[in-house]
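These notes are about the structure you will find just below.
The values are calculated or read from the model by the stated rules, or taken from the named source; none is laboratory data. Remember, it's a predicted structure, so these values are computed and weren't measured experimentally. Here the Cβ positions follow ideal geometry from the backbone for every residue, glycine too, while neighbour counts run over all protein chains shown. Surface areas here come from the heavy atoms of the whole protein model, side chains and all, with no ligands, DNA or RNA. Shrake-Rupley method; radii C 1.70, N 1.55, O 1.52, S 1.80 Å.
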Amino acid sequence: MKKIFIFWLLILSTAIFALKNWKIYTNTTHVFDAIEIGDNLKIATWGGLLNYNSSTGTFEKTLTTIDGLGSNDIRALDHIEHSDEFLVGTSDAGINRIFEGTYLTPLTESLGLQSNHINKITHNDTLIFVATLSGVSCFKNDLGFPFPLLLKNYNTENGLSANNITSMQLTQEGFIYFGSNSGLDFVDLDSLEVITSWHHIGEPLLLNNKVTSISVGEDKVAVATEGGLQTFENIYDPDQNEIIHEGDGIFPVHIDQENSIWYGFGFWDDNMLYVQDSTEIAVVKVTATGEYSEWQIGSSNLNTTKITRILELNNRITLLSWGEGIFLKNDDDWQQIKLNSICANIVTDIAIDNNLDVWISNGHFGDGMVSKGTRGVSGFDGSQWENYNVSNSDIKSDNILSIGIDSSNRKWFGAWATNSSATGWYSGISVLDDSVSPVWEWINTYNSGIYTNTISHITNDNENRMWISCYDGGISVLDENAELISQFVLPNDEDQKVVISHNSGNRVSIGSYLTGLRIWEDASIPNTFNDYWTVPPFSDLTSSCRIFDITTKFKNQVEETWIAASAGLFMYNGEDWYKFGPHIKKKIWFDGDWFWNENNPDPEYWYYEGQERLYGSIVTYPTAVLLDPFNMLWIGSQDAGITMFDTSRDKFINYTTANSPLISNTITALEYEPQTGTLYIGTSSGLNSVEIGIAAEMNTESKLFETIAFPNPFYPDQGDILNFENKGSITMPAGKTKCRIFDLNGGLVIELNKNIYEQFNWDGMNLNREKCSSGIYFYLISTPDDQTSSGKFVLVR
């Protein structure tokens, strides 16, 4: 609640600029855990907590950090029946405790938890056991206290053979089992404090020390390892065990109510967040009498072999999968439960196509997989996601770093990955034409002549040419038929490492991963050997500097090039260079040095007292920069969220995870969709969107809904700006809609025109630019087709 309150204060303080309808988009098909509470199936994913209503067969609201969760990466769930508390274990924020929709005091390291990285949670009556990255914490749930109290932490010093507990099972007989990369530990709950009562089983009694999963049945314990699967009927006599499968990694395992054993193949890679497997078998069942059944990928509606957990929900065998949601066992087949979502939780590029659909990539600079990315590409039409990867389409790689859109609305997906038999990925550019049904084309050095197949950036210009940045080569310029027009390398640069190009129509800016910026001062396509090249006259943008993003802004008909770089935020207007920072607002390069009038606190260069600063005064660097239709600069940063920079008013407004629903403070990409006025924000943890306004030429609103004026009361002497909202729309109706303000006697105070956001706002001044006195005022909004809406507000001086 506190976070939401602060956010609304922030909206009111931004004068005529109000953000609306924040949304979070994360992937929710990668599942760690699930639990049934009544008719609701709670599903823990790496992108939030799903709520599936089994009686209606529909997904209800997904809980994320917007709703109060400490993290969207949910690893474990538990339900404490006697207190009706729901426990949500996360990868980096401990455990959220939820009671009837209310968030209680979380269990974190500050309350004694050994690590905020949670692997498993289980309980026995009032005892809560939490397996973490650093050991096991035992809490007692006392109803007379506002949070569970820590009883004891267990680690390698007092019972465990390893601290990173990857599996944990509690039995009705009062035993608790712990699996780790060092084998199996177990102890009677009544003897937890007796170090000699702890028992350990490892190689050679275990097929492998790396325990991947444990399941406890009526008369046996099943232990899955990276070397196979075996069961123990008498855990105190581990020599007496039965090998169920040997030679392959087994993950996970489950003993059902009929004493049958279910298991999958592979093992969990926590560094890559991936199920490593190499078989076509999704799941195996071995009955108590030894009957063997298996389900392969593609059979009975099973479309994956990557199973993370097997359990029974409502007396049905349930498979939790890594990438395909949940599968419930029917008599003859499997029922899939999967929520439509974006394909990954890292965003590296955002592009808006000609139909105003949003396209997202999640690759990286380098070969191979990354933990929360390299899952292909996603397209979003405003309601549904369409995901493409090497498994379900003819795209050549899942490591897509950049997206370009050509004039025929084809999507160009640039792959970083080198050709790899291990991943099945191929570098170059995959081009998608989805005008009717998906048709794919592959562009590479062999069929188009581009410099190299390692693609770091793709963009188009106002002549429908596609500019391809080849990281280890240079720039290749193609027409939309993939015919090579021209290509060039950066002059006097042995490394090249080109990562971005930006063509304003008058000036071409090229950014490198290592050697900063080069500018071509002409409207033509650059060539390597010509006098049009400009190099910044200072080392900040030329030595050991990476360029992240570039945009163009016009001020008084002068073209400004804004550069987001590892060395900071820079602007070049064709004559002068400027640098912006969190401590000194602005510097200008003058006479071989940065000048900011250091001996005279000039407000042009210095922040004035109380002024909000770039990045909120945090020392960081910009990673993305975008100019919106209202001439505002949006600046994404490495770890300080977003700054909105109104250069005309010299005003900075900062948005972070602390004062807004921003999903992460690490911003990777920004893009604006003009029809809905939506800013899309790529982060290291997923995608945000927020409505920032629609320009007049894109306003199609025809309806005047109920209107409100806020803040009410209105304090103009304290800096308030009164805003009028057309509830149900981001704008007022298009055309010559007017807003008239009257005093208590019915006298006209002022007639307002819409601002640049197609909304109304008022500063408390009358027609003669005189301050209006305190009192009650009325407003009347009217449209050309005679729709009206009215209301009142209080002005306080």
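How do Val31, Val796 rank by accessible surface area computed with a 1.4 Å probe, from largest to smallest?
Values: Val31 0, Val796 40 Å².
I get Val796, Val31, largest accessible area first.
Dipole of the chain computed with +1 at Lys/Arg Cβ and -1 at Asp/Glu Cβ about the Cα centre; of Ser278, Ile663, Cys343, farthest Cα towards the positive end is Ile663.
Over the chain, with every protein chain in place, what whole percent of the accessible area is carbon and sulfur at 1.4 Å, could you tell me? Each step should come with its number before you reach the end.
Numbers: 14930 of 32930 Å².
Using a 1.4 Å probe with all protein chains present, the chain comes out at 45 percent carbon and sulfur.
Applying both filters, DSSP loop and at most 10 other Cβ atoms within 10 Å, to the trypsin sites (Lys or Arg not before Pro) of region 600-656 gives Arg649.
Put a plus charge on the Cβ of each Lys and Arg, a minus charge on the Cβ of each Asp and Glu, and nothing anywhere else: the dipole of region 615-692 about its Cα centre is then about 160 debye.
In the chain, a dipole from Cβ-located charges (positive for Lys and Arg, negative for Asp and Glu) runs towards its positive end, and of Ile118, Thr56, Tyr672 it is Tyr672 whose Cα lies farthest in that direction. With each label modelled as a point 7 angstrom along the Cα→C-beta vector, the Gln240-Asn392 pair spans 5.0 nm. Distant-in-sequence amide contacts of His123, defined by a placed amide H-H separation under 5 Å and a gap of 5 or more residues or a different chain, comprise Phe129.
Placing unit charges on the Cβ atoms of the charged side chains and taking the dipole of the chain about its Cα centre, the candidate lying farthest along the positive direction among Ile176, Leu795, Gly505 is Leu795. For Kirkwood radius over Cα pairs in Å, the candidate list reads (i) 29.6; (ii) 28.7; (iii) 32.0; the entry that matches the value derived from this model is (i).
Taking amide H positions as modeled 1.01 Å from N, with prolines and chain starts lacking one, the residues under 5 Å from Ser182 and 5 or more places away or on another chain are Val211.
Accessible surface of Thr676, taken over heavy atoms with a 1.4 Å probe and every protein chain present, rounds to 60 Å².
Accessible surface ranking for Lys140, Lys754, 1.4 angstrom probe, highest first: Lys140, Lys754. Computed from Cα atoms, the angle from the helix 2-13 axis to the main principal axis of the chain rounds to 10 degrees. Using a probe of 1.4 Å, the accessible surface attributed to Asp531 totals some 150 Å² when neighbouring protein chains are kept in position. Here are some pairs, Lys587/Lys651; Lys651/Lys703; Lys120/Lys152; Lys555/Lys703; Lys20/Lys754; Lys42/Lys220; which of them have Cα atoms lying more than 26 Å apart in this structure? Exceeds cut-off: Lys651/Lys703; Lys555/Lys703; Lys42/Lys220.
For region 278-368, which GluC sites (Glu not before Pro) are in a loop by DSSP, counting at most 13 other Cβ atoms within 10 Å? Before the final figure, lay out each step's value.
Values: sites: Glu280, Glu291, Glu294, Glu312, Glu324; in loops: Glu280, Glu291, Glu324.
Counting only loop positions with at most 13 other Cβ atoms within 10 Å, the GluC sites (Glu not before Pro) in region 278-368 are Glu280, Glu291.
Phi angles across region 507-523 convert, under the Karplus curve 6.51 cos²θ - 1.76 cosθ + 1.60 with θ = phi - 60°, into 3J(HN,Hα) values of 8, 10, 10, 10, x, 10, 6, 10, 10, x, 10, 10, 10, 9, 8, 6, 7 Hz, Gly and Pro given as x. Our analysis of region 486-616 gives Rg over Rh at 0.99, with the two radii drawn from alpha carbon positions and Rh computed by the Kirkwood formula. Each Lys and Arg contributes +1 and each Asp and Glu -1, all at the Cβ; summed about the Cα centre of region 641-797, the dipole is approximately 340 debye.
Here the chain is treated with +1 on each Lys and Arg Cβ and -1 on each Asp and Glu Cβ, and its dipole about the Cα centre works out to around 2380 debye.
From the mean inverse distance of alpha carbon pairs (Kirkwood) and the Cα radius of gyration, derive Rg over Rh for region 254-336.
Values: Rg = 12.3 Å, Rh = 13.0 Å.
Value, to two decimals: 0.95.
The longest stretch of the chain left intact once loop-based chymotrypsin sites (Phe, Trp or Tyr not before Pro) with at most 12 other Cβ atoms within 10 Å are removed from consideration, loops following DSSP, is 237-528. The loop-placed trypsin sites (Lys or Arg not before Pro) in region 50-135, going by DSSP, that have at most 16 neighbouring Cβ atoms within 10 Å of their Cβ come out as Lys61. Placing pseudo-labels 7 Å out from each Cα toward the beta carbon at Gln257 and Asp381 gives an inter-label distance of 4.3 nm.
Give me the 1.4 Å probe accessible area per residue for the chain, excluding ligands and nucleic acids, in Å². Numbers along the way, then the final one.
Details: 32930 Å² over 797 residues.
Computed with neighbouring chains in place, this is 41 Å² per residue.
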